[in-house]
Every structure is written in structure tokens, then in C-alpha cells.
Amino acid sequence: MSNLQSQTGRSGANRNSVIRESLGDRLFITAIYIILSLVLVAVLYPLIYIVSSSLSSPSAVSSGKVWLWPVDLSFEGYKAVLRNEQVLMGYANSLFYTACGTFISVALTIMIAYPLSKKTFVGRSTLMIFITFTMLFAGGLIPTYLVVKSLGLIDTRWALLIPNAIWVWQVIIARTFFQNSIPDELSEAADIDGCSDIRFIFSVILPLAKPIVAVLSLMYAVGQWNAYFDALIYLKSQSLYPLQLILRSILILGSSGNMDASEMIKQQQMAELMKYSLIVMASLPVLIIYPFVQRYFVQGMLIGSVKG
Amino acid sequence: MILRTVTTSEHKSGVKERRRSTLQHALARSFRRHWQLYLLILPPVVYFIIFKYVPMVNTVLAFKDYNVIKGIWGSPWAGTKYFDLLFQNPAFMMLIKNTLLISFYSLIVGFPIPILLALALNEIKNMKFKKTVQMVTYAPYFISTVVMVSIIMLFLSPRLGIVNTIASALGFEAVNFLGNPDMFRSIYVFSDVWQSMGYSAVIYLAALAGIDPSLYEAAKVDGANRLQKIINVDLPGLLPAAVIILILSVGNIMAVGFEKIYLLQNPLNLSASEIISTYVYKMGLLNANYSFATAVGLFNSVINLILLLTVNAAAKRLSNTSLW
């Protein structure tokens, strides 16, 4: 509210030479501030609630005492999560899939986006149609599954790295970037100097393409970290499961053990608490890097929204 | 395909040089000079052929009686048997109805809210507040589907959920939200709004930032108040971006989020939550009824494509904005 006052005060002082804000306008902007504050609370509250619950004691969580800040601060939930071998294995698997998958995806995306951005590349518009058509019409679940199966990828780590490696949208973003920010003169000069295309890419394009490599890596990494569907249909062995699939079995399907009565209540309370801790742990990597990389995400969205 | 024609023309170079069409000539020259680029693009192109185009061809499965040993092409033709099965299936109308209701509901609610958010944020001159709202509303986008669904379940749980705790404190009776088919659509749509409004608003904010400042000056001179300025300057400025996003979302109508709906499903809400894609998954992969599931999927994709083309054509005629 103090912000609001200083804001209207400032604008009044600055603009009184032109037109003062009318009463209606001031009411309007106040209403906007109020609405946006409500939106802010509505988005923020569930996030705070989850973090607070994860830091509370099992009994406080299951008796509904937590409503904003942690009650009986404890790290029991996190300890239980860290003791759970399934979760740790899922975490390790997800880190592997994210690292390898991102590398493969970014490499393939640049391999197709760069040539497509070159005006001297014959067949680029045909290829562009060839690629974008896959956004309009897809073979569907079963035919794709049969292809993956016939390649022998079922129940291997490759099934999560290859079949979904290239996102057309990312190709469009990367191609637009290359087109707009790398001048043709650069490659012409390299051509005249007898520099090969591959060498040109490694010594000129890639250093210049750091922003787009960052954008692509982030998008693919978040996608890979959060994905569960490919794992659900292609994987059978639990030892290969990414974290999201482990989360699904614990959080959504709910796996309960057989205990005596008092033990069971304790167990249930613990299970409830573990869910909150798991949610925080699973989202942590993305949410920690998010404030630092947010501008890249926005940048990526903006490049992508440019038509062309 | 392109590569093959290029290599054969390379062999004959010299002799038939003059007879070649200009295109072939250009292709050959481009290939000679930039063969490394063609080599580079080969793996991604092979990827698209194998994982996108082969499945497209594989949809022929919908017209065959699939036999694992004989493979897709060796299996006997079935004609439109599986489509007839689908259309006569008593579940068919329910699937279509659920799919369309959920899609239109999320379109009607989910399409305008990011626009309103962007318009509101655009009015804010206090940068700190603006950035805070933007960053916070953007964050839930990064929560995975599994986590998102479990958050919904934890919050709406009839026994321990915070929503029911608050409701009972206020004297209301506890509700089993996820067990009630009537509430399924609202839960799906509004949790989606919660998760993605900030992300979706970014494009509109960019469009607003790109509006010519002289238009605002002109509006001010004409004595427009803030609301009139929004209606007469901001909204027309947003129109092209909004139309593109509308076309894309209509084009996704039949493809409503399998991932989230499948996880939110339970036997109690199935009458509202069973959609075409979850049905395909259950029929195809869980019941191994490949041909039937492919027929359902193909039907879905074709409807989707038709919708996209129709809306795109309409948008082109009405507002001169289109995808291509």
C-alpha cells in the first residue's frame, strides 16, 4: 500500500503539467493493485503451505494444525525421504536422464536448426514443412509405441532419451535465433577463407549461440526432469524408473505397509508428512535454479513467439 | 530423400550439367559446398522419419487385424471394422462429450485469464511489485504433472486436506472433491489456470511492450481514461498474438492433457474424466487391443487436424492472422 501511495504521488508530481489522473483512474489502478495482490496470495499460499507442512512434525500435519508457518519444526519428513532407497534411486536416475537427455536433445536441435537457418541451404523450406507438419498430425500412441518396440528400446534407458528427443517448437526457436542474430556476412567470410562448415560451427557459431544453448538446455532439462509418461509406457524394470514415476507410486497410488494399530497410525502420519517433503525435494532442483534462469525462459518464450 | 537425389546427380556431374533443371543444379552446388551441413542434418531428419513419420504410416494399423507375428504389413485387412466398433460403442458418446467439455471449459477459462493478467500487470508502474507478481505466478509452471496432481489430492483430501479443514472450521461439511464427477472439470481447469497463467501471460506482456507509444500519447490527448486506453489501444495490440494462441489451443482441443487427467482419475470420477486419450492408453497398452486403440487415436487426430485447419482459415478471413 505504501508503494501504491508513493507511486500515485510521484506520477501526480511528474505529470501535473499534462493531465492529472482522474478519480476514476485512481480507483481503477487501486482495484488492479488489489486484484493482483489477491492473485499473488492465491498462487503463493499453496507453495508456502507445502513447504511449511514438510518442515512440521508428523502429528501436526495430520491433525491439520499447519496453516501457514511450520508447527513443531522438524526434519522428520526429509529424513524419511532420504532413507527411502526407491526415492534415492529415482533421483539418481532422473539426474542421469536429465543430463544425457538434455545433451542429446540440444545437440540434435542445433544440428537441424542451424542448417535450416541458412539461406544458402537448398531445400530448407521443404524440410521446415516436413518438420512442422509433425506438430499438426501425429501417428498416435500405439503406432509410436510399436516403432519404439521394434527398435528394441522397450525397458532400456534409451527409451526415455531418444523417442522424444526433438521438440519442433525448440527447433523453431533455435532457427529463429540463428536467423536473427548471426549475420550472413560471417559465414560468407568464413567460406572465402576456406573454413569448413563444421569448423565454422564449432569456432564461430557455438560461442555466439550461448544464449540459445542456455534456453534450449533449460527447456529440455525441465521437460526431462518432469516427464513421467514415456517412462510409464516404455519402462518395466523399477531400477530404471525416473523420480516422477516413483513419486507417482508413493504420492498418488499410495503404498501402505501392514503394521499393528499404533504403528499404523504413526506410519500413516509419517506417510502424509513424507508426501510434502517429497514434493519439495522433487521440485527443488528446478525451483532453486528458477530465479537465476527466469530471464532465459522468458527470452526463449519471446524468441519462440516471433513468427517466421 | 533429398540426399539420395543429390548423390546420384553428383555421379553424373559434368556430362548432363547443362540439361539439369536450375533447382537440381543449385542443389548439387549447395551440396558440394555445404556437404557437411547435409551430413549434420541427417541424424535429426532420420529421427523425424523414424519417430514421427513411420508412426503416421503405422496408423494403417487401424484398418488391419493386428497380428504380432505377422507385423503391421503382414496382418490381414479389417476394413472399417474397428471404426464401426468405436462408433457403436456405448462409451463413445461419453468419451467425445468428456473430451469436448473439458477442452472447451479450459479454453473459455484458460484463454482470457492470462490476457487479463498481462493487461493488469501492464498498468502497474511499481516495478518491484510487478516483477514479484510476475515471478511468483510464473513459478508453478515448473512443477511437474505428478507433483501437481499430488498437490491437488493433498489439498482436496476429504479427511486431511487444508480445503476441507478450512471448510469444516467454517461449519461446512467435508466434501470428497475428487470423488465427485461434477467437480472434476472445475478442478482440472482451475488448477491448470493456477499453474500456467503466469507463463502464458509472458507472450501478451511482450506484445503489450511492443505497442507504439505514440498510440498512448494520442489516447491521452483524446482524453481517454485507463479503461478506455486498455480497450482501444492495448486490446487491438494484443489481437494478433491472441489469435495465434487461440488457434493453437483450438488445435489442441482433442489432445487435452492425458498426463494430468490420467493421474487425477479414480473410479468415482471416471464418468466425467474418461477422455479419448486415456481410453486409448487403457485399450491399447493395458488391454493390448492395438488396432482398436489405433483407430480411436486416428479418429482423434483427424478431428483435431480438421478443427485446426478450420479455425486457422476462419482467423485468416476475419482478422488476417493465421499460422501460415
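The values are calculated or read from the model by the stated rules, or taken from the named source; none is laboratory data. Predicted model, so just to flag it, every value in this text is computed and none were measured. Please note: Cβ atoms are built from the backbone with ideal geometry, for glycine as well, and neighbour counts cover all protein chains shown. Surface accessibility is based on the protein's heavy atoms, side chains included, excluding ligands, DNA and RNA. Shrake-Rupley method; radii C 1.70, N 1.55, O 1.52, S 1.80 Å.
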**Message:** Just to verify a result, which residue in the range A:80-115, among those that are over 16 Å from A:Pro285 (Cα atoms) and aromatic (Phe, Trp, Tyr), is surrounded by the most Cβ atoms within 10 Å (Cβ to Cβ)?
**Reply:** A:Tyr114
**Fill in**
Over the range B:30-66, the set of residues facing chain A (nearest Cβ under 8 Å), aliphatic (A, V, I, L, M) and in contact (Cβ under 8 Å) with a residue 12 or more places away in the chain is B:Leu61
**Item:** Positions within the range B:108-129 being touching a Lys or Arg at 6+ places or on another chain (Cβ under 7 Å) and either in a helix (DSSP H, G or I) or open to solvent by 30 Å² or more (accessible area, probe 1.4 Å) (or both), in sequence order
**Value:** B:Leu121, B:Glu123
**Message:** I'd like to know if the range A:120-134 contains one or more residues that are closer than 22 Å to A:Ala107 by Cα and touching a His at 6+ places or on another chain (Cβ under 8 Å).
**Reply:** yes
**Request:** Could you look through the range A:190-213, keep only residues that are open to solvent by less than 30 Å² (accessible area, probe 1.4 Å) and in contact (Cβ under 8 Å) with a residue 40 or more places away in the chain, and pick out the one that is farthest from A:Leu284 (Cα to Cα)?
**Result:** A:Ile201
**Asked** Which ones in the range B:149-165 are within 26 Å of the chain's Cα centre (by Cα) and open to solvent by less than 30 Å² (accessible area, probe 1.4 Å)?
**Response** B:Val149, B:Ser150, B:Ile151, B:Ile152
**Request:** Could you identify the single residue in B:Asn320, B:Asn312 that is touching a Leu at 6+ places or on another chain (Cβ under 6 Å) and surrounded by fewer than 23 Cβ atoms within 10 Å (Cβ to Cβ)?
**Result:** B:Asn312
**Complete:** With criteria (1) within 9 Å of chain A (Cβ to nearest Cβ); (2) surrounded by 15 or more Cβ atoms within 10 Å (Cβ to Cβ), B:Leu307 comes up short on (1)
**Asked** Looking at the range A:224-239, which of its residues are part of a helix (DSSP H, G or I), open to solvent by less than 20 Å² (accessible area, probe 1.4 Å) and of a type outside the set (A, V, I, L, M, F, W, C)?
**Response** A:Tyr234
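Looking at B:Tyr66, B:Tyr105, can you tell me which residue is out of contact with any Asp or Glu (no Cβ under 9 Å at 6 or more places or on another chain), open to solvent by 50 Å² or more (accessible area, probe 1.4 Å) and outside any helix (DSSP H, G or I)?
Matching residue, one of B:Tyr66, B:Tyr105: B:Tyr66.
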**Asked** Does A:Leu186 satisfy the condition of being modelled with pLDDT under 85, outside any loop (DSSP other than H, G, I, E, B) and in contact with a Lys or Arg (Cβ under 6 Å, 6 or more places away or on another chain)?
**Response** no
**Message:** Scan the range A:144-153 and tell me whether some residue there is of a type outside the set (Asp, Glu), within 15 Å of B:Val45 (Cβ to Cβ) and surrounded by fewer than 17 Cβ atoms within 10 Å (Cβ to Cβ).
**Reply:** no
**Hey, B:Lys220 of a type in the set (Lys, Arg), open to solvent by 50 Å² or more (accessible area, probe 1.4 Å), over 18 Å from B:Thr145 (Cα atoms) and out of contact with any Cys (no Cβ under 7 Å at 6 or more places or on another chain) or not** = yes
**Message:** So, in the range A:116-131, how many residues would count as being open to solvent by 40 Å² or more (accessible area, probe 1.4 Å) and not in a loop (DSSP other than H, G, I, E, B)?
**Reply:** 5
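Okay, residues lined up against (1) touching a strand residue (DSSP E or B) at 6+ places or on another chain (Cβ under 6 Å); (2) of a type outside the set (A, V, I, L, M); (3) open to solvent by less than 30 Å² (accessible area, probe 1.4 Å):
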{"residue": "B:Thr137", "(1), (2), (3)": "no, yes, yes"}
{"residue": "B:Tyr141", "(1), (2), (3)": "no, yes, no"}
{"residue": "B:Ala167", "(1), (2), (3)": "no, no, yes"}
{"residue": "B:Gly179", "(1), (2), (3)": "no, yes, yes"}
{"residue": "B:Phe184", "(1), (2), (3)": "no, yes, yes"}
{"residue": "B:Val189", "(1), (2), (3)": "no, no, yes"}
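Quick one: in the range A:176-189, of everything that is away from every other protein chain (no Cβ under 11 Å) and among the polar types (S, T, N, Q), which residue is most open to solvent (accessible area, probe 1.4 Å)?
Only one residue tops the list, namely A:Asn180.
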**Prompt:** Quick one: in the range A:202-226, which of the residues that are of a type outside the set (S, T, N, Q) and within 8 Å of another protein chain (Cβ to nearest Cβ) is nearest to A:Leu161 (Cα to Cα)?
**Reply:** A:Trp225
**Request:** Output the residues belonging to the range B:275-284 that are over 18 Å from the mean Cα position of the chain (by Cα) and either away from chain A (no Cβ under 14 Å) or among the β-branched types (Val, Ile, Thr) (or both).
**Result:** none
